[in-house]
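The structure under discussion appears below in the form of structure tokens.
What follows draws every value from the coordinates through simple rules; no lab data is involved. A quick note: this is a predicted structure, and the numbers were derived from the prediction, not measured. All Cβ positions, glycine included, derive from the backbone under ideal geometry; neighbour counts span all protein chains shown.
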Amino acid sequence: MTYHFEIGWCSMRYRLCELPELLEIPRTTIRNWLTIFHEFIPTVHQGKSVFYDQHAVSVLKRIRFLREHLYSHSTIKEILLEEGYETVVITSVI
């Protein structure tokens, strides 16, 4: 199941460059996770810019926790599915 949300200007959004400090994770790690776990991490596209909302931050925090406990990428995907994380598509409204 895929959920579609439309969001306006009032939602918290973060650029990729803000995520390392916010999550205390190296930028290269975040970029890898965004690729590996793309189906669980929603993005907001505004023109050529890509933003990540609070749900995306929550997913990345969960992934960080699981990686800290030495779960493999494939096991993390299974866990996220079991916990109800699903593909989310978000488009911005200007």
Net charge (Lys, Arg +1; Asp, Glu -1) of residues whose beta-carbon lies under 15 Å from that of Tyr52, Tyr52 excluded, is +3
Which shape class, rounded, prolate or oblate, goes with the stretch 30-80 when its Cα gyration tensor gives a ≥ b ≥ c as root eigenvalues, a/c under 1.5 marks rounded, and past that a/b bigger than b/c marks prolate? prolate
Highest mean packing first, using Cβ neighbours within 10 angstrom, the peptides 16-25, 59-68 sort as 59-68, 16-25
